[in-house]
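The values are calculated or read from the model by the stated rules, or taken from the named source; none is laboratory data. Just so it is clear, the model here is predicted, and its values are computed rather than measured. Cβ atoms come from the backbone with ideal geometry, glycine included; neighbour counts cover every protein chain shown. Keep in mind that these areas ignore ligands, DNA and RNA; they rest on the heavy atoms of the full protein, side chains included. Shrake-Rupley method; radii C 1.70, N 1.55, O 1.52, S 1.80 Å.
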Amino acid sequence: MRERILLWLISWAGYVAISVIGSTLRYSISWEDESLRPGSTFEEPTIYSFWHRAVFPASWMWRKRRIIVMVSRSFDGEYIARIIERLGFGAVRGSSSRGGTGALLGMKSILESGESVAFTIDGPRGPKYVAKPGPVGLSKVTGIPMAAFYVALSDAWVLKTWDDFMIPKPFARALVRLSRKAVVPADADDSQLADYQSQLQASLERVTKFAEGNVARVGTKELPIRKGSV
């Protein structure tokens, strides 16, 4: 009963905090693939990866897109799932340590139905900034591309947690940076899978560096402020 009450309180408090603070954010979006046009991000199913620390701003940026996110089978994972479901996401329970195989099969079915999925790729407990292999295997069995993104904030509270979790301060600027897409071949061997895993890690590091280095430019001609959901 105590856990049920805590889950209800935390999930509603998190939803309200994201909704209230998120509505004040001034954000821009930037693509490594400059041929993509604004609004095209979710026209085709994609396997997205991002760092756990960016869950708060990412939840607001991608709200109401019906993206399916893998969350851990834990107390923390359950309240995160309830928060993001209220924001218009779907949640599949599982992680690298618990229920991962079943969750990956669920995400495979979701991708084949035409929807996108996302991984908090260094979660649920780290190590921070080290990508796990789920997206690479999922791309191999589905033929659907994977991509990475990061959301940098100009002003945030950074919690003393394993992931340096970010909570944006009201009216902060936010920069979303998306990587190029890559498809893992169905016949990829172990060596090739390792190469694609390295590519995913490099993509995450690259978009993080770009976003952190350019978030102060949000609102300029090169990075105009966007209205509404990305």
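Where a ≥ b ≥ c are the square roots of the eigenvalues of the C-alpha gyration tensor, would you call the stretch 33-158 rounded, which needs a/c under 1.5, or, failing that, prolate if a/b is larger than b/c, or oblate? Judged from the Cα gyration tensor, the stretch 33-158 comes out rounded (a/c under 1.5).
The heavy atoms of Thr208 present about 20 square angstrom of accessible area, all protein chains included, probe 1.4 Å.
Students often get this wrong, so check it: of Lys108/Lys169; Lys108/Lys132; Lys64/Lys160; Lys169/Lys221; Lys181/Lys209; Lys64/Lys108, which have C-alpha atoms separated by over 26 Å?
Table pairs above 26 Å Cα-Cα are Lys108/Lys169; Lys64/Lys160.
Inter-label distance, Thr101 to Val141: 1.0 nm, where each label sits 7 Å from its Cα along the C-beta direction. With the gyration tensor restricted to C-alpha atoms of the chain, the semi-axes of the equivalent ellipsoid amount to 25, 23, 16 Å, longest first. Could you calculate the FRET efficiency of Asp195 with Ala17 from 1/(1 + (r/R0)^6), where r is the beta carbon distance between them and R0 is 41 Å, rounded to 0.05? Efficiency for this residue pair is about 0.55.
Put simply, the stretch 105-212 fits an ellipsoid with semi-axes of 28, 15, 14 Å; these come from the alpha carbon gyration tensor as the roots of five times its eigenvalues, largest first.
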